[in-house]
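Novice: Just dropping this structure here.
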Amino acid sequence: MIMDSRTFRDVMGKFATGITVVATDFENDIKAMTVNAFMSVSLDPKLIAISIDEKASMYTILQETEQFGLSILSEEQKELSMIFAKQMEKDREIKFSQQNGVPVIKDSIATLSCQIKEKALAGDHMIFIAEVTEIDKKDGNPILFYGGQYRNLDNDA
């Protein structure tokens with residue numbers, strides 16, 4: 001099989017991911033973007049990693065703020081993912097709350113406050129490794145992304 005960029009992207013799309021929104025305060029404004037390149041790294045210390053494309057404004061912003069809030073979205077928050085992925089226009093005020101000094105999206109199934117500890121340049125992305133300083137969780141099912149489409153958990157399985 002020829003491994004061009006489209007084929008590589010299609011193959012990576014075979015891995016189902018959750019959907020998160022990364023947000024930070026920058027120049028007295030909340031900046032946010034949808035991120036599905038997110039993973040747990042370590043339990044001791046509590047570390048996570050996110051990967052941001054060099055073309056995204058968040059790439060530079062996070063290098064300046066060095067902290068962010070991460071919101072794991074629920075099935076009911078698909079539109080928020082689309083808004084922060086620039087797939088649809090923002091048609092309403094998005095409700096953020098402050099958690100340990102960083103913005104997180106209200107009613108997400110989980111939120112993490114994060115302090116960037118390390119950065120690693122990886123091709124056309126920067127991997128930000130961050131220590132989780134506070135967490136919160138709620139009941140609900142996550143919105144998933146698989147094969148280039150949003151999906152929900154099938155609770156009948």
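The values are calculated or read from the model by the stated rules, or taken from the named source; none is laboratory data. A quick note: this is a predicted structure, and the numbers were derived from the prediction, not measured. Don't worry about glycine lacking a Cβ; one is built from the backbone with ideal geometry, like all the others, and counts go over all protein chains shown.
Novice: Go through the stretch 14-55 and give me each residue that's more than 19 Å from Glu118 (Cα to Cα), of a type in the set (A, V, I, L, M) and part of a loop (DSSP other than H, G, I, E, B).
Specialist: Answer for the stretch 14-55, where residues must be more than 19 Å from Glu118 (Cα to Cα), of a type in the set (A, V, I, L, M) and part of a loop (DSSP other than H, G, I, E, B): Ala16, Ile19.
Novice: From the list Asn100, Asn28, which one is farther than 21 Å from Arg9 by Cα, modelled with pLDDT under 95 and more than 15 Å from the chain's Cα centre (by Cα)?
Specialist: It is Asn28.
Novice: I need the full set of residues from the stretch 53-91 which are more than 19 Å from Ser108 (Cα to Cα), aliphatic (A, V, I, L, M) and surrounded by fewer than 22 Cβ atoms within 10 Å (Cβ to Cβ), in order please.
Specialist: Ala56, Ile61, Met88
Novice: Output the qualifying pairs, or none if there are none: Cβ atoms under 7 angstrom, residues six or more apart or on different chains, first residue in the stretch 54-67 and within 16 Å of Glu131 (Cβ to Cβ), second residue at pLDDT 95 or above and among the β-branched types (Val, Ile, Thr).
Specialist: Leu62/Thr24; Leu62/Ile52; Leu62/Ile116; Thr65/Thr24; Glu66/Ile116; Gln67/Thr24; Gln67/Val102; Gln67/Ile116
Novice: Tell me the strands (runs of 3 or more DSSP E) entirely within the stretch 64-157 that contain at least 3 residues that are farther than 18 Å from Thr17 by Cβ and charged (D, E, K, R).
Specialist: 110-122, 125-137
Novice: Can you tell me which residues in the stretch 17-26 are free of Cβ contacts under 8 Å to residues at least 60 places away in the same chain and buried (at least 18 other Cβ atoms within 10 Å of the Cβ)?
Specialist: Once the filter is applied, which keeps residues that are free of Cβ contacts under 8 Å to residues at least 60 places away in the same chain and buried (at least 18 other Cβ atoms within 10 Å of the Cβ), the stretch 17-26 yields Thr20, Val22.
Novice: Being touching a strand residue (DSSP E or B) at 6+ places or on another chain (Cβ under 6 Å) and surrounded by 17 or more Cβ atoms within 10 Å (Cβ to Cβ) is the requirement here; does Ile109 meet it?
Specialist: Yes, satisfied.
Novice: Follow-up question, since we're still on this one. Where residues in the stretch 27-52 are free of Cβ contacts under 8 Å to residues at least 40 places away in the same chain and surrounded by 16 or more Cβ atoms within 10 Å (Cβ to Cβ), which of them is nearest to Val132 (Cα to Cα)?
Specialist: Phe38
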